[in-house]
């Protein structure tokens, strides 16, 4: 009998969350006081550490826990719309 496994992953490895996260982040930028993310910046940001992204964005360290909570809540609502990374289904079978 083959065991059944459930995998939870929303950091962009299994589910393509980039567009959803950028959309959420840009919408919250005014409320949390940081820069919008342009399509040109994505490649640059992908090569930074979390600390470097925070420093680059200009978001206040005191606002980060509230921002993370808000982003997670909004991303949860987008789960039905997310698509898997191409080829991931075949890799997991």
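Given the Cα-Cα distance of residue 48 and residue 76 and 0.36 nm per residue of separation, how much length would full extension add, in nm?
Result for the pair: 7.6 nm of gain on full extension.
Distance in nm between label sites at residue 83 and residue 69, each 7 Å beyond Cα in the beta-carbon direction?
About 3.4 nm, to one decimal.
If you line up the long axis of helix 18-32 against the longest principal axis of the chain, both from Cα atoms, how many degrees apart are they, to the nearest 10?
Value to nearest ten degrees: 30.
Find the relative contact order for segment 15-92 and round it to a whole percent, using C-alpha pairs within less than 8 Å whose residues are 6+ positions apart.
Reported as a whole number, the value is 48 percent.
I'd like the Kirkwood hydrodynamic radius of the chain, using the inverse of the mean 1/r over distinct C-alpha pairs, in Å.
14.9 Å
Nearest 500 deg cm²/dmol is fine: what mean residue ellipticity at 222 nm does the chain get from its DSSP H runs of n ≥ 4 alone, each adding -39,500 (n - 2.57), divided by its residue count?
Rounded to the nearest 500, the figure is -16000 deg cm²/dmol.
Between residue 27 and residue 62, what is the label-to-label distance in nm when each label sits 7 Å out along the Cα-to-Cβ direction?
2.7 nm
Which of 75, 42, 28 ends up with the largest GNM mean-square fluctuation for the chain, with Cα atoms connected below 10 Å?
42
Readers should treat all values here as calculations from the given coordinates under stated rules, not as data from a laboratory. Source: prediction; values computed, not measured. So basically every Cβ, Gly included, is an ideal-geometry build from the backbone, and we count neighbours across all protein chains shown.
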